[in-house]
């Protein structure tokens, strides 16, 4: 597949929803609601400094929970809110869970209670899972595979039960992805279109929940944090792994080499793409990519997601330097176990920072590699936000402030890390990398 490359897109910091004056008439924003952000407070101002990210994150939510023109699949509103509530409960985010449970109650009241019970059974800490057999297997971590009682399965029904198992896997151990997991969904009645919607929904919640949690930490601690001590304890360097690159084989180490990606579900044929699909692709060249043609099965979500991605990584207005946004993406991908995403964004970080050896150290040694005080703080914050439930707290804010990040840079960092919790779960669960 063609490498996933962000194409530059002009930001519109002073237009339409980009002007803060427009906030007074803008539709309700779910992240504001869940994070308790009031009009006019400093987090409100901070969010409006990235109007495209704000707007497209909301459009992603709308496309998933109130689609204007649903795709061909049959994912009901009740199924969407049931899965979302389950995901939020697994993240121990009560406000997000209540938001979806309140929507679910009138649609399927028996499901609401069953989802609570299922989440109680499945709540653990992640990420965990296995790597491909090879040098990375020393980092394998065993963890829970969700199994529900016969009573719960009966209440949920086979289709929703399969969806919750898929959601649990995506939340906690996406690097355990195998094509058989998609076959299990198909056996339970989930079509290819449905599976793309389901995976997007869980992956999007993995982003939205982390943005809400991260903004809450900034709100509570930005003005109260003192200077932080540097990370204690140096990492133990490991010898670089020189992978054998055999075209068509799966990589078994993290690498800065360019990789291909092969889907486990059939992408749309390029000849079958409509104007709506091309609008979702945003850039016509993406029609050559099987990954984007697969996600185009839900074109409205794809379009909003792509525009969110572009603004988080390409907006040049102040904030975190591009190299360090890419570093956050690479660190998140390294921690989640996404070899493909890590390869792309490690190359970007190397290019923009001109620190290829340090970036390679992150890939070889892992997220505890000693990269210097500022990069250590960025990696540590990204990894803490990536853990499920999030460990991001006042100490990470303090470390970032000590290294000179202002509020905009800290917000850019949390958005970059949160977004790659979205991206990793799609790349890992719908296909696999190849040399």
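The values are calculated or read from the model by the stated rules, or taken from the named source; none is laboratory data. The shown structure was predicted, so the numbers you read here are calculated from the model rather than taken from an experiment. Cβ atoms come from the backbone with ideal geometry, glycine included; neighbour counts cover every protein chain shown.
The table below lists the values:
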{"quantity": "Residue in region 362-369 that is part of a loop (DSSP other than H, G, I, E, B) and surrounded by fewer than 18 Cβ atoms within 10 Å (Cβ to Cβ) present", "calculated": "yes"}
{"quantity": "Residues of region 69-90 classified as assigned to a loop (DSSP other than H, G, I, E, B) and either surrounded by fewer than 22 Cβ atoms within 10 Å (Cβ to Cβ) or more than 22 Å from the chain's Cα centre (by Cα) (or both), total", "calculated": "7"}
{"quantity": "Failed criterion for residue 394 (all others in (1) buried (at least 19 other Cβ atoms within 10 Å of the Cβ); (2) touching a helix residue (DSSP H, G or I) at 6+ places or on another chain (Cβ under 7 Å) hold)", "calculated": "(1)"}
{"quantity": "Selection count where residues are over 25 Å from residue 207 (Cβ atoms) and in a helix (DSSP H, G or I), scope region 96-120", "calculated": "5"}
{"quantity": "Region 128-142, subset crowded, with 16+ Cβ neighbours inside 10 Å and within 24 Å of the chain's Cα centre (by Cα), residue nearest to residue 390 (Cα to Cα)", "calculated": "128"}
{"quantity": "Count - residues of region 121-148 that are in a helix (DSSP H, G or I), touching a helix residue (DSSP H, G or I) at 6+ places or on another chain (Cβ under 9 Å) and either free of Cβ contacts under 8 Å to residues at least 24 places away in the same chain or over 24 Å from residue 340 (Cα atoms) (or both)", "calculated": "2"}
{"quantity": "Only listed residue being assigned by TED's automatic domain parsing to the domain that holds residue 267, more than 22 Å from residue 135 (Cα to Cα) and within 15 Å of the chain's Cα centre (by Cα), chosen from 430, 405", "calculated": "430"}
{"quantity": "Answer from 93, 102, 125, 113 - the residue that is surrounded by fewer than 22 Cβ atoms within 10 Å (Cβ to Cβ) and either within 19 Å of the chain's Cα centre (by Cα) or not assigned by TED's automatic domain parsing to the domain that holds residue 173 (or both)", "calculated": "125"}
